Amino acid sequence: MIAVVKRDCATCQLIEPALAELKRGVALQVHSQDDPSFPATIGDVIDERELELSYRLDIEIVPTLIQIQDGEESARLVGWQRDDWRSMTGMPTLGAGLPEFSPGCGSKSVEPGMPEKLAFKFGDTPLGARRVDVASQQDEHELMFERGWSDGLPLVPPTEERVLKMLSGTDRSPAEVIGIIPPDNVPGTIEKIAINAVMAGCKPEYFPVVLAAVEAACLDEFCMHGVLATTYFSAPIVIVNGPIIDEIGMNWGHNVLGQGNRANSTIGRALQLVIRNIGGGRPGGVDRATLGQPGKVGFCFAEREHDSYWESLAVERGFRPDESTVTLFAGGGVHPVGDQKSRGPESLTRSLALTLRTVYHGKVYGRTDAMLVISPENMRVFREAGWSKARFREELDEALTVDGSNVIAGADGIAEGMPPRLAEKRLRKFRTGGLLIVHAGGGAGMWSAIITGWGGSDAVTVAIQS
Amino acid sequence: MSALLDPTSELQPAQREALPRPQSLSDKRVALLDISKPRGDVFLDHLESRLGELGIDARRYIKPTFTRVAPVDLKHQIVSECDAVIEALAD
């Protein structure tokens with residue numbers, strides 16, 4: 001039999017007489033996790049301070065008593081339950097002076113951070129990534145900058161312990177390939193994505209969202225290679241829907257498109273670091289953006305679902321409200337719409353359309369996409385008028401359709417514009433399916449926002465696997 | 001000493017030597033590749049006409065969209081039919 005104990009456990013101290021009695025009766029090894037001189041009445045306590053046996057036997061509670069038969073574990077008891085110990089040991093008077101029951105304490109092998117350390121230490125690590133040694137005199141933060149791993153901001157050092165902890169955020173194997181990461185088109189394993197998620201500052205509970213975002217970015221229709229390589233402003237913008245929003249504490253309220261929420265800021269950043277480090281996509285390399293935009297560090301936010309009058313973006317795209325999803329949209333910068341006077345849906349729709357018509361260029365039609373982020377105060381106008389999302393889309397579409405003659409090349413003395421052969425046509429501003437609408441933002445403020453899109457990519461939505 | 005895990009693909013990018021430029025285009029067939037960017041056709045129309053004046057055989061090819069890399073079939077077709085390629089890359 002094997003007993004695992006520690007001095008810093010009242011129950012282990014309590015049952016010392018029973019252990020001594022047991023030692024006299026059967027072949028017993030006692031392993032002490034914190035002090036090999038405990039229990040003092042046992043002659044040959046085995047020093048278990050390295051915790052290897054505890055790790056290998058998956059000990060969670062001390063004391064644990066394990067029965068071994070033919071080299072295999074046949075029974076296990078945790079804590080002190082007198083009748084159970086008597087029954088398993090076949091000693092009917094064991095612990096006669098002890099109480100019937102005393103709960104055990106936590107094993108030192110499951111203290112915070114310890115399982116990851118032990119997994120690495122005893123060679124069971126599933127990690128295959130190359131180890132980059134950091135000399136004791138070396139600054140690891142500077143090393144990461146020098147190696148080109150950073151987007152320009154400091155990174156969390158991806159130690160083995162941190163990466164193992166990140167991997168605890170999913171049940172999937174570290175070796176599983178999520179997708180082929182552009183632009184170098186190399187396999188993106190869950191392990192490599194976890195390393196980048198650590199560097200971005202993610203918590204393990206965010207990791208399923210990061211994995212879904214990477215999976216979405218690898219879909220052909222999203223065309224991540226083009227999103228990166230274009231001279232345009234585009235970046236993969238991550239919109240999260242479903243119960244996971246509140247489970248991981250994402251921001252859907254005040255400053256939703258801005259800074260300040262760890263999940264929002266780090267999930268988007270993790271995706272961009274994956275593209276940079278695994279995919280090899282770097283500014284000035286395959287990333288040929290002429291100007292870029294600040295959201296290229298990472299751009300992720302959640303829809304405000306709980307009080308929305310309209311179905312969410314994910315529901316509109318065919319998912320259930322109880323499913324958690326990520327949608328990727330190839331977006332440029334944020335363009336505010338400020339209408340402080342419209343109180344009716346017709347006026348507000350025309351107002352939104354007026355600004356939407358300027359996306360990309362006021363005379364370019366049918367070539368681009370956009371995302372409209374409706375704030376609660378703007379949505380109230382539609383709710384009070386009883387306009388469904390479908391009705392709003394219909395009215396907005398009409399307001400976004402113009403006579404071709406107004407926007408052909410040369411009109412208004414501007415060379416840019418649509419081909420003259422379209423002068424007699426009615427032209428729609430956005431590609432079919434190219435206008436995404438989400439509800440987000442703080443409770444006060446008659447603002448909405450347009451995130452300009454890039455017509456070379458189709459938005460994609462994937463379910464988040466827990 | 002501590003250790004960090006490498007976040008990169010750990011691959012050395014494939015280095016391919018560009019083929020030597022042809023000394024002359026006589027007896028060569030030249031591919032003119034339009035990537036579907038605005039006015040790429042104008043540029044290639046002009047080149048095709050100039051090459052024609054020089055008696056050089058040129059063939060036109062077009063990518064379905066500039067936003068994506070060329071389909072592998074198109075690349076193979078160009079390689080099998082032509083000796084050199086001129087691409088109207090940017091507007």
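The values are calculated or read from the model by the stated rules, or taken from the named source; none is laboratory data. Since this is a predicted model, take the numbers as computed values, not measurements. Here the Cβ is made from the backbone with ideal geometry for all residues, glycine too, and neighbour counts use every protein chain on show.
Worth a mention:
- Residue pairs whose Cβ atoms lie under 8 Å apart, separated by 6 or more positions or on different chains, with the first residue in the range A:1-17 and polar (S, T, N, Q) and the second not in a loop (DSSP other than H, G, I, E, B), are A:Thr11/A:Val62; A:Thr11/A:Trp80; A:Thr11/A:Ser102; A:Thr11/A:Cys105.
- Meets criteria (of a type outside the set (Lys, Arg), closer than 30 Å to A:Leu65 by Cβ and free of Cβ contacts under 8 Å to residues at least 24 places away in the same chain) for A:Phe145: no
- Within the range B:59-84, tally of residues that are at pLDDT below 95, under 21 Å from B:Val42 (Cβ atoms) and touching a helix residue (DSSP H, G or I) at 6+ places or on another chain (Cβ under 7 Å): 2
- Flag if A:Ser324 is within 26 Å of A:Gly298 (Cα to Cα) and surrounded by 16 or more Cβ atoms within 10 Å (Cβ to Cβ): yes
- Within the range A:226-244, the set of residues being buried (at least 24 other Cβ atoms within 10 Å of the Cβ) and either charged (D, E, K, R) or assigned to a helix (DSSP H, G or I) (or both) comprises A:Val227, A:Leu228.
- Test result for A:Arg380, within 14 Å of chain B (Cβ to nearest Cβ) and surrounded by fewer than 21 Cβ atoms within 10 Å (Cβ to Cβ): no
Condition check ((1) without any contact (Cβ under 8 Å) to a residue 40 or more places away in the chain; (2) farther than 21 Å from B:Pro20 by Cβ; (3) under 12 Å from the mean Cα position of the chain (by Cα)) across all residues:
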residue: B:Ile56; (1), (2), (3): yes, no, no
residue: B:Ile62; (1), (2), (3): yes, yes, yes
residue: B:Thr65; (1), (2), (3): yes, yes, no
residue: B:Val79; (1), (2), (3): yes, no, yes
residue: B:Val85; (1), (2), (3): no, no, yes
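- When the residues of the range A:148-166 are filtered to those that are part of a helix (DSSP H, G or I) and within 12 Å of chain B (Cβ to nearest Cβ), the one that is surrounded by the fewest Cβ atoms within 10 Å (Cβ to Cβ) is A:Glu161.
- Residue that is farthest from the chain's Cα centre (by Cα), among those in the range A:89-142 that are assigned to a helix (DSSP H, G or I), modelled with pLDDT under 90 and away from every other protein chain (no Cβ under 14 Å): A:Leu118
- Taking residues in the range A:227-243 that are at the interface with chain B (Cβ under 10 Å from one of its Cβ atoms) and under 20 Å from A:Val274 (Cα atoms), and partners anywhere that are part of a strand (DSSP E or B) and among the charged types (D, E, K, R), the pairs with Cβ atoms closer than 8 Å and at least 6 places apart or on different chains are A:Ala229/A:Asp287.
- Sub-7 Å Cβ pairs linking a first residue in the range A:173-198 that is in contact (Cβ under 8 Å) with a residue 60 or more places away in the chain to a second residue that is buried (at least 24 other Cβ atoms within 10 Å of the Cβ) and among the polar types (S, T, N, Q), at least 6 apart or interchain, are A:Asn196/A:Asn277, ordered by first then second residue.
- Enumeration of residues in the range A:427-445 that are away from every other protein chain (no Cβ under 14 Å) and surrounded by fewer than 18 Cβ atoms within 10 Å (Cβ to Cβ): A:Arg428, A:Thr432, A:Gly433, A:Gly442, A:Gly443, A:Ala444, A:Gly445
- Flag for A:Phe145 being outside any loop (DSSP other than H, G, I, E, B), within 26 Å of A:Ser265 (Cβ to Cβ) and of a type in the set (A, V, I, L, M, F, W, C): yes
- Restricting the range A:245-260 to residues that are of a type in the set (S, T, N, Q) and surrounded by fewer than 21 Cβ atoms within 10 Å (Cβ to Cβ), the residue that is nearest to the other protein chains (Cβ to nearest Cβ): A:Gln259
Here's the yes/no breakdown for (1) of a type in the set (Val, Ile, Thr); (2) assigned to a loop (DSSP other than H, G, I, E, B); (3) in contact with a helix residue (DSSP H, G or I) (Cβ under 6 Å, 6 or more places away or on another chain):
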| position | (1), (2), (3) |
| --- | --- |
| A:Phe382 | no, no, yes |
| A:Arg391 | no, no, no |
| A:Glu394 | no, no, no |
| A:Asp412 | no, no, no |
| A:Ala415 | no, yes, no |
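- Which listed residue is touching a residue at least 24 places away in the same chain (Cβ under 8 Å), over 16 Å from A:Ile451 (Cβ atoms), surrounded by 24 or more Cβ atoms within 10 Å (Cβ to Cβ) and aliphatic (A, V, I, L, M), from A:Ala302, A:Ala314: A:Ala314
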